[in-house]
Amino acid sequence: MDNMATSLQKSRSATKKLLEDFTKKRRLESPKEQVQSPMKLKFIIVLCASISTFVCMGEWEPTWSTRAAEEAEAVAAIPCSGHGRAYLDGLILKDMNKSRCECNSCYAGSDCSQFLSDCPANADGGDPYFMEPFWMQHAASSAILVSGWHRMSYSYSDGSVISQLLVEYIKKVHGIVGNAITEGKYIVFGSGSTQLLNAAVYALSPDPSMSPAKVVATAPYYPLYREQTQFFNSRDFSYEGDTSLWKNNTNSSFRFIEFVTSPNNPDGKLNKGILKGSDVKTIYDRAYYWPHFTAIPSPADDDLMLFSISKLTGHAGSRFGWAIIKDEAVYQKMMIYLRLSAMGVSRDVQLRVLKLLDVATEGDGKEIFQFTYSTMRDRWIRLKQIIYKSKRFSLQKLSPQYCTFFKRVRDPSPGKCQFLITFLGFIVFLIMCINTTFVPNHFNFDCALRHLFHQFYEELINCRLTSPAQ
Ligand SMILES: Cc1ncc(COP(=O)(O)O)c(C=O)c1O
């Protein structure tokens, strides 16, 4: 509560100063304007009188926001024994006598204090929780309080479903990192880059009078490319397997849409398109092209690039991604897809992302990347230490590269990594994949990894694991 009082005090002073500066500036800059424009003066008076949260020239007295702020702080203060989180949504459970804690894997109980010794560690999927501490360190600047009547319209005042301010922030963050050229390009938003994958396939598909586009990707690839293309089962495109199968067919009458993931999920490689020719269109999935995961050798300038907030700030649950597009016709087709499928991305989400990027680009805009890179590098050092001790597991080799963002040579620290398992000392038996971002920070990373490897190995030799290695 002390913290809350201090932050309320701070924001009161900030608001007061803002109002004072505003009034002073108006007095100094345009004394005539005030006299000559009674309409404007009237507007300010009405504004001051009607917005009761701002008492012009005086102390800021919150009216409707206090309870929301108190709720947010109260929920954030629930400790869940350090093995879970309470979220604002949980407040509606207050009369239902239910726990507000959502426990991390391997923990249970109303306060998440109960350790489950026989629980599986999921290395396949995961959440980018590794960025949670950064947002907790920036609790005040990243918080947002949304009124009950925030942006109820289907569109912004310019009639669009895309916040132009957010477009500017996206360009700003790319400018700071130097990972993509945005000048002269079009930007569209999607519900995660997941929605944009198929929007891009649709936009790059040929006229329906022509034969359907063959959608291809190089293994190992992110499975959603195949799954989505097959699921949407369109007459305009079909999934046709590994890119290498079509390497010598690009001068035929076939039309191709090649997915290139760079850095790749799962092996972290900075892949390039394989197919060449006028009938080849390429979708560059650049979700992981951020300093957390890879060196940035140069700004990407591909015709169609996809990015995701889930990999930039860790907010996978907000479902926000963007595409950077060179060609206007492709942009128009993607916009048709996004309007028809969802009428654009939620305005609430766009506001949230705007706030996150405002924090991410604060100062010289490097702090978030220093945090994310050092966290990932640390995880990789520990992962390597564990694997080097094993005779059966070995990690894929990753080469260091010059990073224009950090201005030095650095190792990659991908969100996923591949490792090899040699079975009983004979031959290389399996290539497995592990998600290096998956372990929540409140979880013991070393313990979780050891547990995971024990689990794989025990499963391979058909034994049952009863407790994780400590
Ligand atoms: C390579 C790749 N592309 C796209 C996505 C989807 O990201 P989003 O959360 O923006 O839908 C993922 C998610 O893991 C991914 O790994």
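The values are calculated or read from the model by the stated rules, or taken from the named source; none is laboratory data. The structure presented is a predicted model; accordingly, all values stated were derived computationally and were not measured. Cβ coordinates were reconstructed from backbone atoms using ideal geometry, including for glycine residues, and neighbour counts include every protein chain displayed.
Structural remarks
A quick yes/no check of all residues on (1) outside the structural domain of Lys276 (by TED's automatic domain parsing); (2) of a type in the set (Lys, Arg); (3) farther than 22 Å from Arg286 by Cα:
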| site | (1), (2), (3) |
| --- | --- |
| Val201 | no, no, no |
| Asp207 | no, no, yes |
| Leu224 | no, no, no |
| Asn233 | no, no, yes |
| Leu245 | no, no, yes |
| Arg255 | no, yes, yes |
| Thr261 | no, no, no |
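- Taken over the stretch 278-298, the residue count meeting the criterion of being under 19 Å from Ala203 (Cβ atoms) and within 11 Å of the ligand (Cβ to nearest atom) is 5.
- Scanning the stretch 299-335 for residues that are more than 9 Å from the ligand (Cβ to nearest atom) and of a type in the set (D, E, K, R) yields Asp301, Asp302, Asp303, Lys326, Asp327, Glu328, Lys333.
- Every listed requirement among (1) among the polar types (S, T, N, Q); (2) in contact with a strand residue (DSSP E or B) (Cβ under 6 Å, 6 or more places away or on another chain); (3) at pLDDT 95 or above is met by Asn104 save one, (3).
- When residues of the stretch 103-153 are limited to those that are part of a loop (DSSP other than H, G, I, E, B) and among the aliphatic types (A, V, I, L, M), the one farthest from the chain's Cα centre (by Cα): Leu116
- Scanning the stretch 372-414 for residues that are surrounded by fewer than 16 Cβ atoms within 10 Å (Cβ to Cβ), of a type in the set (Lys, Arg) and in contact (Cβ under 8 Å) with a residue 24 or more places away in the chain turns up Arg377, Arg382, Lys391.
- Residue tally, condition part of a loop (DSSP other than H, G, I, E, B) and within 12 Å of the ligand (Cβ to nearest atom), over the stretch 218-268: 11
- Subset of the stretch 181-200 (residues that are more than 13 Å from the ligand (Cβ to nearest atom) and crowded, with 23+ Cβ neighbours inside 10 Å): Val188
- Unmet requirement for Ala217, which otherwise passes all of (1) within 30 Å of Gln418 (Cα to Cα); (2) small (Gly, Ala, Ser); (3) at pLDDT below 95: (3)
Quick grid of which residues meet (1) in contact (Cβ under 8 Å) with a residue 60 or more places away in the chain; (2) closer than 30 Å to Ala108 by Cβ:
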{"position": "Phe134", "(1), (2)": "yes, yes"}
{"position": "Ser147", "(1), (2)": "yes, no"}
{"position": "Tyr156", "(1), (2)": "yes, no"}
{"position": "Gly159", "(1), (2)": "no, no"}
{"position": "Leu165", "(1), (2)": "yes, no"}
{"position": "Lys172", "(1), (2)": "yes, no"}
{"position": "Ile187", "(1), (2)": "yes, no"}
{"position": "Ser209", "(1), (2)": "no, no"}
{"position": "Ala213", "(1), (2)": "yes, no"}
